[in-house]
Amino acid sequence: MRVEIKFRPAEEGTILPFNYNHDVYAQLIEKIAIVSPEIAREAEVSHVDYFTFSRIMVRKRELIPDRGIRVLSDDVSLYVSSSSNELIKAVVEGFIDSPVLQLGEATFIAEDVKVLKEPKIGRDVLFSTLSPIMVRTVKLSGDRMKIWDLYPSEEAFFDKLRKVMLMRYSAIMGSMPEEKDFSIDVVKFKPVRILVKDTYYRGSLMIFRYTGSEEIARFGYENGFGEKTRYGFGMVKVIDEEQEREAPE
């Protein structure tokens, strides 16, 4: 299930900080806990990422160097997604009971929540990221092991992504998918770096063609592709190619 939550800036000229992922994560957990402390605790302490969320979408904005993004539109949107309907319902009810989202000095008030229609997802899908996909590995640097964030320009990215998706699928769904094979062909990507609490993570915003297991494609749509999805990584949307072809130039 996926929802779009629309927020109104509490003040005119509100500046959204650049790095807000951990604040959004923490407050999603808080909203869930209002309704279901059990679900909130499991989502927080488990090694499994049960949900994902998008970047905050600001339709009209102004970049303020060293500060953030000045919000010029009347509202902003946040998308939250999970294969657990109970978790998403708890998020929605939590924001109804406590509609404030505080991101640094910026205050937003939840005004509208919409459950989004599920797109058709088959064996061949064109995806676009709503938040960057992050995949990590471990490399030997001198005599020490170092965590290394991978980009799609590196072959290891694809191998690690396959392993991550299978492990996450098994952990959340309780079994391996019937079909395990899939591949992705990156149309384009943009590397980004995001500070989450006190750690920088490197990820990739991208458009990519997915081919293979429908089960993993659906799982990735609902729960995010890659790692650390609970911190706002890996959310994708389906690009309707038929609609794009029919659109006037």
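Restricting the first residue to segment 109-132 and requiring it to be closer than 23 Å to PHE233 by Cβ, which pairs with a second residue that is part of a loop (DSSP other than H, G, I, E, B) and open to solvent by 80 Å² or more (accessible area, probe 1.4 Å) meet a Cβ separation below 6 Å and a spacing of at least six or different chains?
Every condition considered, the pairs that remain are SER131/ARG55.
Out of ARG162, ARG168, ARG202, which single residue is surrounded by 14 or more Cβ atoms within 10 Å (Cβ to Cβ), farther than 30 Å from GLU86 by Cβ and either in the same structural domain as LYS146 (by the TED database) or touching a Leu at 6+ places or on another chain (Cβ under 7 Å) (or both)?
Criteria check complete, one pass: ARG202.
Can you name the number of the only condition in (1) of a type in the set (A, V, I, L, M, F, W, C); (2) in contact with a helix residue (DSSP H, G or I) (Cβ under 8 Å, 6 or more places away or on another chain); (3) open to solvent by 20 Å² or more (accessible area, probe 1.4 Å) that VAL186 fails?
Failed condition: (2).
Quick check: is even one residue across segment 213-236 in a loop (DSSP other than H, G, I, E, B), closer than 20 Å to ARG123 by Cα and open to solvent by 40 Å² or more (accessible area, probe 1.4 Å)?
Checked against the condition, which is being in a loop (DSSP other than H, G, I, E, B), closer than 20 Å to ARG123 by Cα and open to solvent by 40 Å² or more (accessible area, probe 1.4 Å), segment 213-236 yields no hits at all.
If we keep just the residues of segment 38-81 that are of a type in the set (Ser, Thr, Tyr) and in contact with a helix residue (DSSP H, G or I) (Cβ under 8 Å, 6 or more places away or on another chain), which is farthest from THR129 (Cα to Cα)?
Per the criteria, the residue is TYR50.
Condition test on GLU86, is it on the phi < 0 side of the Ramachandran plot, in contact with a Ser or Thr (Cβ under 9 Å, 6 or more places away or on another chain) and open to solvent by 50 Å² or more (accessible area, probe 1.4 Å)?
In short, yes.
Check segment 92-108 and report whether any residue there is within 19 Å of the chain's Cα centre (by Cα) and open to solvent by 20 Å² or more (accessible area, probe 1.4 Å).
Within segment 92-108, one or more residues are within 19 Å of the chain's Cα centre (by Cα) and open to solvent by 20 Å² or more (accessible area, probe 1.4 Å).
Tell me which residues, restricted to segment 1-58, are among the β-branched types (Val, Ile, Thr) and open to solvent by less than 50 Å² (accessible area, probe 1.4 Å).
Hits for segment 1-58 are VAL3, ILE5, THR14, ILE15, VAL24, ILE29, ILE32, ILE39, VAL48, THR52, ILE56, VAL58.
The values are calculated or read from the model by the stated rules, or taken from the named source; none is laboratory data. Everything numeric here is computed off the predicted structure, so don't read it as measured data. Ideal geometry is used to build each Cβ from the backbone, glycine not excepted, and the neighbour counts take in all protein chains shown. To get the accessible areas, we keep the full protein, side chains included, count just its heavy atoms, and leave off ligands, DNA and RNA. Shrake-Rupley method; radii C 1.70, N 1.55, O 1.52, S 1.80 Å.
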